[in-house]
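Working notes for the structure below.
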Amino acid sequence: MSNRPPATSDRPSDPLFSVVVKPIGPKCNLNCRYCYYLEKTRLYPDSHRFRMSDDSLEGFIRDYIDIHRDAREVTFLWQGGEPTLLGRDFFRKALAFQRRHCPPGLQISNALQTNGTLLNEPWAAFLREHDFLVGLSIDGPRRLHDRYRETRKGAPTFAAVCRALRLLQREGVEFNTLTVVHRANARHGREVYRFLRSEGVRFMQFIPLVERLDDAGRPALPAAQAATVAPWSVPRQGYGRFMSAVFEEWLRRDVGSIFVQLFDIQLGLWSGLPSGLCVFAETCGQGLALEHDGGLYACDHYVYPSHYLGNIEDHSMADLARAPRQRQFGADKRGTLPRQCRDCEYLFACNGGCPKHRFMSTADGETTLNYLCPSYRHFFEFAGPTLCRMADLLRDGRPPALVRGLARGDFHRPPGSPVSG
């Protein structure tokens, strides 16, 4: 194992950061047409082995645990590409390293994001035995899921993903679903939600797809000026309409029994709490990405040479994460807000959204308006009165689920809500 320099900025007063680990890099057994990560193979033209070495794996686990030594829990987030291509032995090794370096009193958990197509009974048994939380990618019923999510031979994947979903349920593996909201399913929010509910899903994430292409038809760099929105991206108002349809269906019968990430995050914000998700936080920079070769990047959505921080084989991970350039990257989210955002009544709930999506022009000519601004405004106007009522219930020590079954029109925006106050 290489000798890394000791951390110089690992102070208890520093905010903790999280790392999305890509132990197999961008390698995947699928060829989803909208995937922004497959093209990262261009960063490694001489690499024929996309697999994190044992030294990098142990070094990362040791240092990540050490950084969180004063916390009660640390979570390892395993993504790709498709991490199950590595096989269970890779993760057995990771678990052994975690046990080796875990101090008394620290709880370690693991989360794995997968397309599900390689899961089988041995995998399910392994995941259940070691209490992995599994994120399963599924974009809705067959015709919507198969629109973009294909194998490398162009075959549909819906049947395989549904088999994986039922396998996880049958084997008692904790899981949630991740649904990409794109052009093909944007008008079908209620249908997608009802489908997932009918499949027994109780924890759901809905992620808007916004990608741009350069003149060569490849994913554009975040700062690119001459780029066009990819044809599979969700329309500017599409995500808001999708989530409003989901919200209305959820409000009718599922509050308190089904949990949707966006609604949980927004309820916290409308209650005056800080965001638990970087997208809606005032600043960012605390969620980094670690590639298979030990390279650390500013963010999972900024794995580009311009946002490369260094290699954890050569530098302290804590020092890289807390370096001035990374702090500036996080602060720029707030510092580059256009006036339209700073004057917006919904700033508290949005904070300008993800910086990667901030490439539209305002009426004043500023070019850092979020592409999804119309979606966020649509959803906040639609769901805001209900979120205010739910926040009131929380402040009164009552369960927000008391709003279940009521129509949105039963609520009004109370004085002192985050919007009016």
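The values are calculated or read from the model by the stated rules, or taken from the named source; none is laboratory data. Note that the coordinates shown come from a computational prediction; the quantities given were computed from them, not determined experimentally. Methodologically, a virtual Cβ is constructed for each residue, glycine included, from the backbone with ideal geometry; neighbour enumeration extends over all protein chains shown. Surface areas here come from the heavy atoms of the whole protein model, side chains and all, with no ligands, DNA or RNA. Shrake-Rupley method; radii C 1.70, N 1.55, O 1.52, S 1.80 Å.
Would you check if there is a residue in the range 161-170 being loosely packed, with under 15 Cβ neighbours inside 10 Å, part of a loop (DSSP other than H, G, I, E, B) and not β-branched (Val, Ile, Thr)?
No, the range 161-170 contains no residue that is loosely packed, with under 15 Cβ neighbours inside 10 Å, part of a loop (DSSP other than H, G, I, E, B) and not β-branched (Val, Ile, Thr).
Within the range 130-153, is there a residue that is surrounded by fewer than 19 Cβ atoms within 10 Å (Cβ to Cβ), outside any helix (DSSP H, G or I) and without any contact (Cβ under 8 Å) to a residue 24 or more places away in the chain?
The answer is yes; a qualifying residue exists.
Here's the yes/no breakdown for (1) open to solvent by 40 Å² or more (accessible area, probe 1.4 Å); (2) assigned to a loop (DSSP other than H, G, I, E, B):
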{"residue": "201", "(1), (2)": "no, yes"}
{"residue": "207", "(1), (2)": "yes, no"}
{"residue": "210", "(1), (2)": "no, yes"}
{"residue": "215", "(1), (2)": "yes, yes"}
{"residue": "239", "(1), (2)": "no, no"}
{"residue": "246", "(1), (2)": "no, no"}
{"residue": "251", "(1), (2)": "no, no"}
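Tally up the residues in the range 365-396 that are assigned to a helix (DSSP H, G or I), open to solvent by less than 10 Å² (accessible area, probe 1.4 Å) and farther than 14 Å from residue 242 by Cα, please.
Residues in the range 365-396 being assigned to a helix (DSSP H, G or I), open to solvent by less than 10 Å² (accessible area, probe 1.4 Å) and farther than 14 Å from residue 242 by Cα: 7 in total.
Taking the range 284-314 as the search range and keeping residues that are open to solvent by less than 40 Å² (accessible area, probe 1.4 Å), of a type in the set (Gly, Ala, Ser) and over 16 Å from the mean Cα position of the chain (by Cα), which one is farthest from residue 37 (Cα to Cα)?
This residue is 310.
For residue 281, are the conditions met, namely being surrounded by 22 or more Cβ atoms within 10 Å (Cβ to Cβ), closer than 25 Å to residue 79 by Cα and among the aliphatic types (A, V, I, L, M)?
Against the criterion (surrounded by 22 or more Cβ atoms within 10 Å (Cβ to Cβ), closer than 25 Å to residue 79 by Cα and among the aliphatic types (A, V, I, L, M)), residue 281 does not qualify.
Which ones in the range 263-276 are open to solvent by 20 Å² or more (accessible area, probe 1.4 Å) and either at pLDDT 95 or above or more than 19 Å from residue 205 (Cβ to Cβ) (or both)?
264, 265, 267, 271, 272, 273, 274, 275
Of the residues in the range 225-237, how many are touching a residue at least 40 places away in the same chain (Cβ under 8 Å) and either part of a loop (DSSP other than H, G, I, E, B) or open to solvent by less than 40 Å² (accessible area, probe 1.4 Å) (or both)?
9
Give the residue that is surrounded by the most Cβ atoms within 10 Å (Cβ to Cβ), with candidates limited to residues of the range 347-361 that are touching a residue at least 24 places away in the same chain (Cβ under 8 Å) and more than 18 Å from residue 210 (Cα to Cα).
Only one residue fits best here, namely 349.
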